[in-house]
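**Q** Below is a structure I'd like to ask you about.
The values are calculated or read from the model by the stated rules, or taken from the named source; none is laboratory data. Owing to the predicted nature of the structure, the values given are computational and were not obtained by experimental measurement. For neighbour counting, all protein chains shown are included, and Cβ atoms are generated from backbone atoms with ideal geometry for every residue, glycine included.
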Amino acid sequence: MPTTSQENLIRQRDSIPQDAPSPQKTNLCGVGIVSHKPLQPGIRSSNWHPQGLRRLLCSATEPHLPYSYNFQRSLIAICFATATLLISPIVGSHPTFSSLRKAAVGTMIVADGLVKRFATKGRWIEAVRDVSFQVREGEVYGLLGPNGAGKTTTLRMVMGLLEPDQGTVSIDGKSSQENSVELRGQIGMISTNDGVYPWLTAKEMLLYFGDLYGIDPALAHSRLFELSAMLGITRLLDQRCNTLSTGQRQRVILARGLMHDPPVILLDEPTRGLDIVGSRTIFDFIGHLKDLGKSVLLSTHRLDEAERLCDRFGLLHEGQMQMEGSLTELKERTGRSNLTDIFLDLLSRPANFMQAEHR
């Protein structure tokens, strides 16, 4: 006799429209897990979400297989789904399980010994030299340095767009080199060098990128209006992107990188070219991302805002990490009272001298 949980799952199975698109299946221990949204490159399946589990029973059977085999698969599927639905709320709410989870995922980004060289005019230039740092969950980490310090190269290695010559990067415990396509679905990267589609409206472009990330259309619309309200671009949604000002375009680009609600966000000079009002809007929104528990790796020249917003800093100079720590720790090491003076000291001394003095 089926239990109440099993009856609920069966009712949920029967409620799926008969004309639903053919599901795309993966396999775990012989049990098909189904997602009716085709998987997009670089995006992790949402099969483990409760909405995906609702369709678990439908994927457990294959018409061309014997009844006994299908019965076994269905039984396994019922047990798996029921256990998941019963255990999930306990793990999420129990203080012991919650603390274990936080300990397990407390560090979202780990860069260890990154080195990147480029060939130019017959010689090799080492743009990044033995750079290591960590970004914790719910932390804003400021990666600061002058032009040419290696900030953008470092961000691209974290994103998986560049492969380091030495060293490793992991996102939530997974190597970005080995899982670069998959992990891009967990990262939102926003750069001042990003472009827009000039003949699309802002709304059309944001929904297009939502579709690329495999977001359900209803959720994509919800995210669109939520982000638009937060970034002050609601009135711009029906304008073509080629009519937007620099500041307006930058806010649209920021919304684009967050449509899929990634847990890790990389920001490369997000306020470049913005006026004081636009910059304040961006930094206020970064503070909101921090409140949501996102891990933010921020590269910026706005030291006053970085000082207010960032939890920790890494100071890069000539491709090397010179100093790292909270603002209080940096002040104690340098004897300076603010981040601007610390930064100017960094520029006035040779990189190897600063590294030896403050390591």
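**Q** From (1) under 18 Å from residue 137 (Cα atoms); (2) of a type in the set (S, T, N, Q); (3) surrounded by fewer than 19 Cβ atoms within 10 Å (Cβ to Cβ), pick out the condition that doesn't hold for residue 337.
**A** Every listed condition holds for residue 337 apart from (1).
**Q** Of the residues 215, 253, which is in contact with an Asp or Glu (Cβ under 7 Å, 6 or more places away or on another chain) and either outside the structural domain of residue 162 (by TED's automatic domain parsing) or within 23 Å of residue 161 (Cβ to Cβ) (or both)?
**A** 253
**Q** Just to be sure I understand, how many residues within region 322-349 are in contact with a Leu (Cβ under 7 Å, 6 or more places away or on another chain) and either in a helix (DSSP H, G or I) or aromatic (Phe, Trp, Tyr) (or both)?
**A** Residues in region 322-349 being in contact with a Leu (Cβ under 7 Å, 6 or more places away or on another chain) and either in a helix (DSSP H, G or I) or aromatic (Phe, Trp, Tyr) (or both): 6 in total.
**Q** Can you find, within region 310-330, the residue that is farthest from residue 267 (Cα to Cα) among those that are surrounded by 23 or more Cβ atoms within 10 Å (Cβ to Cβ) and of a type in the set (A, V, I, L, M)?
**A** Result: 321.
**Q** If a residue has to be touching a residue at least 12 places away in the same chain (Cβ under 8 Å), part of a helix (DSSP H, G or I) and of a type in the set (Phe, Trp, Tyr) to count, how many in region 194-229 make the cut?
**A** 1
Residue by residue, here is whether (1) crowded, with 18+ Cβ neighbours inside 10 Å; (2) modelled with pLDDT of 90 or more; (3) farther than 22 Å from residue 148 by Cα; (4) not assigned by TED's automatic domain parsing to the domain that holds residue 169 holds:
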{"residue": "277", "(1), (2), (3), (4)": "no, no, yes, no"}
{"residue": "296", "(1), (2), (3), (4)": "yes, yes, no, no"}
{"residue": "301", "(1), (2), (3), (4)": "no, no, no, no"}
{"residue": "305", "(1), (2), (3), (4)": "yes, no, no, no"}
{"residue": "308", "(1), (2), (3), (4)": "no, no, yes, no"}
{"residue": "332", "(1), (2), (3), (4)": "no, yes, yes, no"}
{"residue": "345", "(1), (2), (3), (4)": "no, no, no, no"}
{"residue": "354", "(1), (2), (3), (4)": "yes, no, no, no"}
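**Q** Same structure again: Keeping to region 149-193, report how many residues are in a loop (DSSP other than H, G, I, E, B) and either in contact (Cβ under 8 Å) with a residue 60 or more places away in the chain or outside the structural domain of residue 249 (by TED's automatic domain parsing) (or both). Lay out the reasoning, then the answer.
**A** Step one: list which residues in region 149-193 are in a loop (DSSP other than H, G, I, E, B), which gives 149-150, 160-165, 172-173, 176-179, 192-193.
Filter once more, keeping what is either in contact (Cβ under 8 Å) with a residue 60 or more places away in the chain or outside the structural domain of residue 249 (by TED's automatic domain parsing) (or both): 149-150, 172-173, 192-193.
The total comes to 6.
**Q** Residue pairs, Cβ under 8 Å, 6 or more apart or interchain, first in region 267-285 and outside any loop (DSSP other than H, G, I, E, B), second among the basic types (Lys, Arg). List them.
**A** Matching pairs, first to second residue: 268/151; 278/251; 279/302; 281/251; 282/251; 283/302; 283/308.
**Q** What do you reckon, is residue 99 modelled with pLDDT of 90 or more, of a type in the set (Ser, Thr, Tyr) and not in a loop (DSSP other than H, G, I, E, B)?
**A** So residue 99 does not fit the description; no.
**Q** From 227, 267, 236, which residue is surrounded by 20 or more Cβ atoms within 10 Å (Cβ to Cβ), more than 18 Å from residue 195 (Cα to Cα) and at pLDDT 90 or above?
**A** Answer to the selection: 227.
**Q** Kindly indicate the residue of region 102-148 that is within 21 Å of residue 314 (Cα to Cα) and either modelled with pLDDT under 90 or out of contact with any strand residue (DSSP E or B) (no Cβ under 9 Å at 6 or more places or on another chain) (or both) and also surrounded by the most Cβ atoms within 10 Å (Cβ to Cβ) among those meeting that condition. Talk me through it step by step, then tell me what you get.
**A** The initial filter retains those residues of region 102-148 that are within 21 Å of residue 314 (Cα to Cα), namely 106-117, 126-148.
This time we only want the ones that are either modelled with pLDDT under 90 or out of contact with any strand residue (DSSP E or B) (no Cβ under 9 Å at 6 or more places or on another chain) (or both), so: 106-107, 145-148.
Working: 106: 12, 107: 16, 145: 23, 146: 13, 147: 7, 148: 14.
So the residue we want is 145.
**Q** Every residue in region 303-320 that is over 23 Å from the mean Cα position of the chain (by Cα) and either closer than 27 Å to residue 285 by Cα or not in a loop (DSSP other than H, G, I, E, B) (or both), please.
**A** Those that are over 23 Å from the mean Cα position of the chain (by Cα) and either closer than 27 Å to residue 285 by Cα or not in a loop (DSSP other than H, G, I, E, B) (or both): 303, 304, 317, 320.
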